[in-house]
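Before any comments, here is the structure.
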Amino acid sequence: MAHHKLETPLTEDAVRALRLEDTVSITGIIFGIRDATQIRIFDQGIAPPCDLSGGVCLHTAPGVRKLADGRYEKLSIGTTTSTRMDRFTEPLMEQYGVRAIVGKGGLLAGSVRAMQRLGGVYLAITGGAAALETLQIEEITDVWWEDLMPECLWRFRVRDFGPLIVAIDAHGNSLFDRVKAEAAARIREFSFD
Amino acid sequence: MSIYDSIEEAAKELYIRALKDIPADVRAALDRGLRAEQQSGNTTAEQVLFTIIENIKVADEQDTLVCQDTGLPVFRVRIGTALNVDGAEIESRLRIGCERATREYPLRSNTVHPLTRKPTHTNTGQGIPAVKLGFARGTDEIEIVMAPKGSGSENMSFLKMLNPADGRKGIKRFVVECVFESGARPCPPVILGVGLGGTSDVAMQLAKEASCFREIGSSNPDPDAAQLEAELLDLVNRTGLGPQGLGGATTALAVHVEWAHTHISHNPVAVNIQCWRGERARAVISADGGIRYGAS
Ligand code: SF4
């Protein structure tokens with residue numbers, strides 16, 4: 001299990017080199033998105049006003065404070081459960097070139113296949129560890145679609161953002177699925193007496 | 001300060017403290033989990049627990065929230081029967097305390113109407129904060145324990161009216177199934193609360209008491225219930241789901257069982273899950289309005 005220090009934007013080669021349970025830390029730019037952001041992009045068909053190719057998307061709705069000059073100060077930035085947003089993963093990669101999703105809880109089989117086909121990974125962050133995450137986000141550089149607050153499209157500058165764990169790789173493997181299958185097999189052996 | 005002003009002040013302060021300062025028993029349990037994963041050579045689980053512990057340290061140092069989810073406020077209040085107080089005023093001051101914490105800190109507000117989804121922006125609303133009132137005979141103090149309940153773990157709540165014939169075995173099977181079903185979503189390692197018996201609503205309340213208000217390391221005083229706690233903890237951790245559902249030996253930090261007598265034809269089992277942050281904060285208000293914060 002290797003550790004990879006990656007800089008954004010990510011290339012397909014860098015992503016395909018990652019193996020399940022490798023750890024990753026990211027320096028550069030990551031985008032914050034949530035349910036409403038992706039409903040706007042895909043259900044309402046409005047293209048994001050920024051270039052997401054090679055991008056890393058974090059499932060979040062950050063806690064922020066608006067400053068007098070219109071910029072946003074970070075208060076508490078954490079991660080939300082990804083499974084709800086599963087259906088957006090494939091089009092994010094296919095239409096906008098996103099290479100990595102950062103979230104908690106994992107994604108479903110369709111996304112695992114899409115990541116294999118298109119060259120993408122799912123990086124598991126430690127859910128609930130917002131204090132650390134907020135520290136590693138150096139700055140909120142841009143925000144679009146403020147009417148969706150807090151589910152806007154956010155652009156963050158990060159340094160050594162992580163450690164993130166490769167939980168779905170670009171080769172059709174999901175750590176969540178493997179752990180669940182093993183747990184199911186163990187539970188079948190339990191007598192419950 | 002009047003006793004009511006102190007209750008309002010304590011409610012505000014407890015909401016913020018609970019979100020920032022993880023209780024000592026939870027920290028100790030996470031440390032034990034980290035050592036167990038190190039010894040078992042589970043590198044990923046070790047990494048996750050290490051990050052959790054690091055995150056708690058960062059929150060201490062930066063004096064900031066541990067997790068972004070400010071939850072729904074839940075209070076457990078025990079009123080000493082030697083005090084002559086107005087219960088309605090206590091409830092209203094707890095609410096005002098939450099509203100002040102939300103506005104003054106400021107905390108993210110989570111409360112919305114269940115049908116219109118319209119937000120209240122105050123972390124309070126109809127029926128929220130949830131207040132569990134109880135009484136302590138003979139004292140002239142009010143004990144307030146506050147738990148901000150996060151959505152990831154609260155969404156993993158379950159109730160089943162089993163058949164009496166399903167017995168203990170059925171109870172154990174159901175609890176393990178709930179943990180399996182929840183997977184990574186409640187941010188394991190979790191504190192698993194199990195409520196047994198009563199009517200259905202009583203079982204759910206007992207499960208909440210077990211997940212949010214019991215200290216890790218405590219056992220149910222009833223030997224049968226304590227035995228069940230130990231057996232369930234062993235089973236749940238043997239699933240191997242592990243921290244964040246990424247595999248490992250620490251799926252639960254603790255299993256707490258609370259029970260009530262029930263109907264001869266009932267066998268209610270409720271499960272409520274608290275995430276690794278195990279957030280709770282406590283204050284005791286004395287008759288003269290003095291506030292003491294802390295675990296005991
Ligand atoms: S489940 Fe708990 S620890 Fe995880 S994000 Fe929600 S509130 Fe935070």
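The values are calculated or read from the model by the stated rules, or taken from the named source; none is laboratory data. Just so it is clear, the model here is predicted, and its values are computed rather than measured. Here the Cβ positions follow ideal geometry from the backbone for every residue, glycine too, while neighbour counts run over all protein chains shown. Remember, those area values only see protein heavy atoms, side chains included, never the ligands or the DNA or RNA. Shrake-Rupley method; radii C 1.70, N 1.55, O 1.52, S 1.80 Å.
Values computed for the structure shown
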| quantity | calculated |
| --- | --- |
| Whole-number percent relative contact order across chain B, with pairs defined as alpha carbons under 8 Å at least 6 apart | 27 |
| Average Cα contact separation per residue, segment A:3-189, under 8 Å, 6 or more apart, as relative contact order % | 29 |
| Cα long-axis angle, helix A:175-189 against chain A (0 to 90 degrees, to the nearest 10) | 40 |
| Alpha-carbon Debye profile of segment A:41-103, log10 I(q)/I(0) at 0.19 Å⁻¹ | -0.86 |
| Alpha-carbon centroid distance for the pair segment A:98-166 / segment B:8-83, whole angstrom | 23 |
| Residue-normalised accessible area of segment B:221-282, expressed per residue, 1.4 Å probe, Å² | 33 |
| Burial of 40 Å² or greater, segment B:245-279 residues [accessible area, probe 1.4 Å, versus chain by itself] | B:246 |
| Percent accessible area from carbon and sulfur atoms, segment A:3-189, protein chains only, probe 1.4 Å | 48 |
| Probe 1.4 Å - accessible area at residue B:185, Å² to nearest ten | 80 |
| Only Lys, Arg (+1) and Asp, Glu (-1) charged, at Cβ; the protein assembly as shown dipole about Cα centre in debye | 640 |
| Kirkwood hydrodynamic radius (C-alpha pairs) into Stokes-Einstein, segment A:87-193, 37 °C and 0.692 mPa s, D in µm²/s | 206 |
| Residue-normalised accessible area of segment B:34-92, given per residue in Å² at a 1.4 Å probe | 44 |
| Cα-centred dipole magnitude for chain B, charges only on beta-carbon of K, R (+1) and D, E (-1), debye, nearest 20 | 660 |
| Any cysteine of chain B lacking a neighbouring Cys Cβ under 4.7 Å - listed by number | B:67, B:98, B:178, B:212 |
| In degrees, nearest ten, helix B:87-104 long axis to first principal axis of chain B (Cα) | 80 |
| Protection proxy ranking of B:64-70, B:107-113, A:20-26 - average other beta-carbon atoms within 10 Å, highest first | B:64-70, A:20-26, B:107-113 |
| For chain A, size of Cβ-based charge dipole, Lys and Arg +1, Asp and Glu -1, in debye | 180 |
| Calculated on alpha-carbon atoms, Rg and Dmax of chain B in Å | 19.2, 57 |
| Other protein chain Cβ atoms within 10 Å, averaged over every residue that makes up B:167-180 | 2 |
| Formal net charge of residues neighbouring residue B:274 (Cβ-Cβ distance under 14 Å; K, R +1; D, E -1) | 0 |
| Share of carbon and sulfur in the accessible heavy-atom surface of segment B:152-274 [1.4 Å probe, %] | 53 |
| Which listed pairs, of A:104/B:132; B:57/B:160; B:12/B:57; B:12/B:118, have C-alpha distances above 30 Å, in listed order | A:104/B:132; B:57/B:160 |
| With Cα atoms, 0 to 90° folded angle of helix B:223-238 axis to chain B main axis | 60 |
| Rounded accessible area per residue of chain A, 1.4 Å, Å² | 40 |
| Set of aspartates and glutamates near residue B:20 by C-alpha distance (under 16 Å), chain-local residues within fewer than 8 positions excluded | A:133, B:54, B:60, B:61, B:63, B:69, B:104, B:279 |
| Buried accessible area, chains B and A (both chains, 1.4 Å probe, Å² to nearest 100) | 3200 |
| Per-residue mean of C-beta atoms belonging to partner chains within 10 Å, peptide A:118-130 | 6 |
| Global geometry of segment B:173-296, whether rounded, prolate or oblate, following the gyration tensor of its Cα atoms and the 1.5 cut on a/c | oblate |
| Interchain or long-range residues, amide H under 5 Å from residue A:58's placed H | A:31, A:32, A:33, A:102 |
| Accessible-area ranking of B:182, B:157, largest first, probe 1.4 Å | B:157, B:182 |
| Average beta-carbon neighbours from other chains, 10 Å sphere, peptide B:45-51 | 4 |
| List of segment B:84-123 residues, accessible area with partners at least 20 Å² below that of the chain alone (1.4 Å probe) | B:106, B:108 |
